[in-house]
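The structure under discussion appears below in the form of C-alpha cells.
The values are calculated or read from the model by the stated rules, or taken from the named source; none is laboratory data. Just so we're clear, the structure is a prediction, and the values are computed from it rather than from any experiment. In this analysis, Cβ positions are derived from the backbone assuming ideal geometry, glycine residues included, and neighbour counts consider all displayed protein chains.
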Amino acid sequence: MKKLAGLLIIFGVYACLPAAIHAQCDTVANLCEKHITADFVSDGQQYRSLLIDEEVAEFHATFFGESTYRIAACSGLTDGNIIFTLYDKDRNIIFQNSRYKNAPYWDFEFANSMDCVVEAKLDPISKTSGCAVLLIGFKQ
C-alpha cells in the first residue's frame, strides 16, 4: 500500500510539472511583451525554452529586407537575465546583447531578407535555470 501511495505521489508531481513550467513561461512572456511597444507589431509567436545551467536555446527566424525588427529576450521577473546572440545563416555574429549589458531588446534594420538564428542562454551570474522567452516584432 505504501508503495502504491509513493508511486501516486511521484506520478502527481510529474503530471503537474509541465503545467508549472508552462505557467512560468506565460508569466515571463507577459513581462517581455512590454518591450514590443506600440510602434512594433508582434510576429505572433513566442519562442520559448526551459534552460538549465549552461544550456543554449536556438530559435530560427526570417527577417525581410527594408524592415525594422525588435528582438526582445527575457527570463525571470527582471531584465538582463538572458544573453542572446543573432547570427546570419553562415553563423556570422550580427549582434550580441552581452556587449550592451544584456540589453533586454534591440532593434535591427535589414536591407535584404535573410534567415537568422538567435541563440539564447541564461546569464550565469543571475540565473541557473528558467524559462527563456524570445519575442520578435516589426515596425509598422
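A few notes on this one:
- If you check F59, F84, F63 for being on the phi < 0 side of the Ramachandran plot, touching a helix residue (DSSP H, G or I) at 6+ places or on another chain (Cβ under 9 Å) and either free of Cβ contacts under 8 Å to residues at least 60 places away in the same chain or hydrophobic (A, V, I, L, M, F, W, C) (or both), only one passes: F84.
- Residues that are modelled with pLDDT under 95 and among the polar types (S, T, N, Q) within the range 75-101 comprise S75, T78, N81, listed in sequence order.
- For V133, the conditions (1) among the aliphatic types (A, V, I, L, M); (2) under 14 Å from the mean Cα position of the chain (by Cα); (3) surrounded by fewer than 18 Cβ atoms within 10 Å (Cβ to Cβ) are fulfilled apart from (3).
- Flag for I71 being under 20 Å from C32 (Cα atoms), surrounded by 15 or more Cβ atoms within 10 Å (Cβ to Cβ) and of a type in the set (V, I, T): yes
- Residue within the range 116-126 that is within 13 Å of the chain's Cα centre (by Cα), within 17 Å of C25 (Cα to Cα) and of a type outside the set (D, E, K, R) present: yes
- Here the condition is being exposed (fewer than 13 other Cβ atoms within 10 Å of the Cβ) and either farther than 12 Å from F138 by Cα or at pLDDT 60 or above (or both); of F64, F40, it holds for F64 alone.
- Of all residue pairs spaced 6 or more apart or on separate chains, those with beta-carbon atoms under 9 Å, a first member in the range 37-51 that is in contact (Cβ under 8 Å) with a residue 24 or more places away in the chain and on the phi < 0 side of the Ramachandran plot and a second member that is assigned to a loop (DSSP other than H, G, I, E, B) and of a type in the set (S, T, N, Q) are D39/Q140; F40/Q140; V41/Q140; L51/S75.
- Hey, L31 part of a loop (DSSP other than H, G, I, E, B) and at pLDDT below 95 or not: no
- Test: residue in the range 104-122 that is farther than 19 Å from Y69 by Cα and in contact (Cβ under 8 Å) with a residue 24 or more places away in the chain: yes
- Complete set of residues in the range 74-88 that are surrounded by fewer than 18 Cβ atoms within 10 Å (Cβ to Cβ) and in contact with a Cys (Cβ under 7 Å, 6 or more places away or on another chain): Y87, D88
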